[in-house]
Amino acid sequence: MDTGTFIDEIARRLTDYIHSKDEPGQVNPGQPMNSLRRVLDVQVPVEGHGINGALDDLDAFISNSVKTHRPEFMNPLWGGLSLPALAGEIIATATNNSMYTYELSPMGTLIEQTILNRMCELVGFPDGFGTLTTGGSNGNMLGMLCARENALPGSTKQGFDGRNMAIFVSKEAHYSVLMAANVIGVGHQNVVKVQCDEDGRMRPDSLREEVAFARQEGFTPLCVVATSGTTVRGAFDPLSELADICHEEHMWFHVDAAWGGACLFSNQHRSLMDGIEKADSVCWDAHKMMGVPLVCSAFLIKRPSILRTLCGHVTTAHYLFHDAAENEDLGRYSLQCGRRNDALKLWLEWRVRGDAGWAKLVDGYMDRANYLQKSIEDHPSLEMMSSRMWTNVCFRYDNGSTEIPLNDLNATLRHRLIQEGQYMVSRSNVGEDVVLRSVISNQGVDHDILDGFLEAVVRIGDEVVAGMPPRA
Ligand SMILES: Cc1ncc(COP(=O)(O)O)c(C=O)c1O
């Protein structure tokens with residue numbers, strides 16, 4: 001097969017895949033791993049299958065994938081498929097420019113700088129900069145590493161004993177903070193989980209108490225990681241008050257806005273992050289609410305010199321970095337060496353939408369989340385399980401007359417929903433309660449989809465209560 005025919009074949013598959021989101025079909029192929037292993041040949045051969053075989057392999061892959069582009073997909077904090085970003089992803093892969101130096105990624109460097117500078121402006125870091133990372137988890141880790149270098153200048157080079165350091169997060173913060181505490185040498189046990197209020201926001205009074213207690217116990221408070229948009233409930237910590245405490249206590253203030261950062265585009269909703277300009281660093285995932293394909297995530301810092309120190313490698317990498325390009329090479333702000341161009345897809349999407357388009361996206365998602373919440377509140381067999389600040393809608397089925405414990409009932413319901421394959425939604429906990437956590441973060445979601453989703457939840461809940469077996 002010649003190159004043109006092969007590319008045409010791929011383009012046809014892409015078109016079919018994109019159109020399939022509007023046709024009747026499943027989100028979840030729903031094959032258990034054992035049976036998938038039995039029916040699929042995924043071995044790497046000794047003698048290659050040739051290029052025609054690649055098309056068959058891709059067909060098998062597409063049909064066995066979770067259809068994250070369908071509007072019925074509401075499971076994690078991302079979903080949908082946007083064409084400009086997809087085009088950027090494809091071209092970034094085809095051109096394969098690595099982001100470490102301007103020499104090897106000329107326009108990519110300008111684009112990434114532009115994106116980072118604009119995100120810094122939105123955050124309120126006029127002299128800020130940053131880097132694109134592999135996700136909010138790494139963004140949180142970079143924030144904590146910068147906190148370390150800031151508290152103990154030179155620790156990047158000399159090493160660090162973090163056993164008497166304490167890091168403060170809310171009880172509802174993302175688990176990546178624990179992972180990062182390990183990597184930076186502080187350890188899981190020294191991450192203090194601060195009490196939240198009833199809406200899931202970190203309580204400033206509890207933070208003050210925990211910091212005082214840590215000092216009393218001989219710990220040095222290193223940083224606070226606040227969350228703008230918690231994973232389960234979508235809560236936004238009160239940044240301004242937390243920042244003031246950090247400044248008084250000389251702690252680094254990092255904000256995990258992986259999920260909620262997009263609110264900054266919206267005049268209606270940006271007040272959720274009031275005080276963000278007082279932070280030292282922020283992470284913000286464009287691969288969540290902004291719908292850019294995985295991965296695309298920014299780490300932003302108010303004083304870029306700290307990030308640069310952290311990533312400084314002096315003259316070791318003489319084969320890549322030269323003094324003449326000192327102010328051009330983005331590899332001086334990254335812990336990675338070879339690095340994908342994740343900026344192109346975000347930039348392309350941004351050029352198509354503009355700031356106004358992002359604002360519309362966010363406002364539209366909030367409207368749909370309001371609609372979903374209202375539909376739940378109006379339904380006799382459904383109940384909201386948390387207040388709402390963002391597009392996370394946590395609820396459960398309860399028809400009020402079942403002997404089945406509600407946690408078991410809702411866990412079974414969710415399992416059956418996923419097995420039926422028409423909708424995908426996350427199972428989470430709010431306190432001790434099992435809830436269905438749906439999020440509006442997928443451009444295809446409209447009122448009809450949400451109505452159909454709730455109908456499916458109620459139908460399955462009724463079937464579980466009636467002792468009916470799962471549908472085949
Ligand atoms: C609040 C929050 N922070 C960080 C992360 C981690 O982001 P990533 O998956 O991009 O590493 C998540 C992921 O869902 C999240 O919800």
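Since every read-out is calculated from the coordinates, none of them should be taken as a lab result. Computed from a predicted structure; not experimentally measured. Cβ coordinates were reconstructed from backbone atoms using ideal geometry, including for glycine residues, and neighbour counts include every protein chain displayed.
Would you tally the residues in segment 23-40 being of a type outside the set (G, A, S) and free of Cβ contacts under 8 Å to residues at least 12 places away in the same chain?
The initial filter retains those residues of segment 23-40 that are of a type outside the set (G, A, S), namely 23-24, 26-29, 31-34, 36-40.
Filter once more, so that each one left must be free of Cβ contacts under 8 Å to residues at least 12 places away in the same chain: 23-24, 32-34, 37-39.
Looking only at that region, the number is 8.
Just give me the residues in segment 4-13 being free of Cβ contacts under 8 Å to residues at least 40 places away in the same chain and among the aliphatic types (A, V, I, L, M), in sequence order. Write out each step before concluding.
Start the filter on segment 4-13 by keeping residues that are free of Cβ contacts under 8 Å to residues at least 40 places away in the same chain, which leaves 4-5, 7-8, 11-12.
Once the filter is applied, which keeps residues that are free of Cβ contacts under 8 Å to residues at least 40 places away in the same chain and among the aliphatic types (A, V, I, L, M), segment 4-13 yields I7, A11.
Return yes or no: is N75 polar (S, T, N, Q) and touching a strand residue (DSSP E or B) at 6+ places or on another chain (Cβ under 7 Å)? Show your work before the answer.
Working: polar (S, T, N, Q): yes; touching a strand residue (DSSP E or B) at 6+ places or on another chain (Cβ under 7 Å): yes.
Judged against the criteria, N75 is a match.
For segment 236-267, give me each residue that is touching a residue at least 60 places away in the same chain (Cβ under 8 Å), in contact with a Gly (Cβ under 6 Å, 6 or more places away or on another chain) and of a type in the set (A, V, I, L, M).
Answer for segment 236-267, where residues must be touching a residue at least 60 places away in the same chain (Cβ under 8 Å), in contact with a Gly (Cβ under 6 Å, 6 or more places away or on another chain) and of a type in the set (A, V, I, L, M): just A258.
Filter segment 248-297 for residues that are of a type in the set (F, W, Y) and either out of contact with any helix residue (DSSP H, G or I) (no Cβ under 9 Å at 6 or more places or on another chain) or within 14 Å of the ligand (Cβ to nearest atom) (or both) and give the result.
W259, W284
Under the condition of being surrounded by fewer than 24 Cβ atoms within 10 Å (Cβ to Cβ) and in a helix (DSSP H, G or I), which residue from segment 128-140 is farthest from the ligand (Cβ to nearest atom)? Even if it seems obvious, please write down each step before you answer.
Let us first name the residues in segment 128-140 that are surrounded by fewer than 24 Cβ atoms within 10 Å (Cβ to Cβ), namely 128-129, 134-135, 137-138.
Pick out the ones that are also in a helix (DSSP H, G or I) and you get 137-138.
On the way: S137: 3, N138: 6 Å.
Of everything passing the filter in segment 128-140, N138 is farthest from the ligand (Cβ to nearest atom).
Just a yes or no: is a residue in segment 423-443 of a type in the set (D, E, K, R), under 19 Å from D462 (Cα atoms) and outside any strand (DSSP E or B)?
Looking through segment 423-443, none of the residues is of a type in the set (D, E, K, R), under 19 Å from D462 (Cα atoms) and outside any strand (DSSP E or B).
I need the helices (runs of 4 or more DSSP H) fully contained in segment 153-229, keeping only those with at least 3 residues that are surrounded by 14 or more Cβ atoms within 10 Å (Cβ to Cβ) and more than 24 Å from the chain's Cα centre (by Cα). Can you show your working first?
Values: elements: 155-158, 176-184, 204-216.
Filter on segment 153-229 gives 204-216.
When only residues in segment 72-87 that are surrounded by fewer than 23 Cβ atoms within 10 Å (Cβ to Cβ), more than 16 Å from the ligand (Cβ to nearest atom) and not small (G, A, S) count, which is farthest from L417 (Cα to Cα)?
P84
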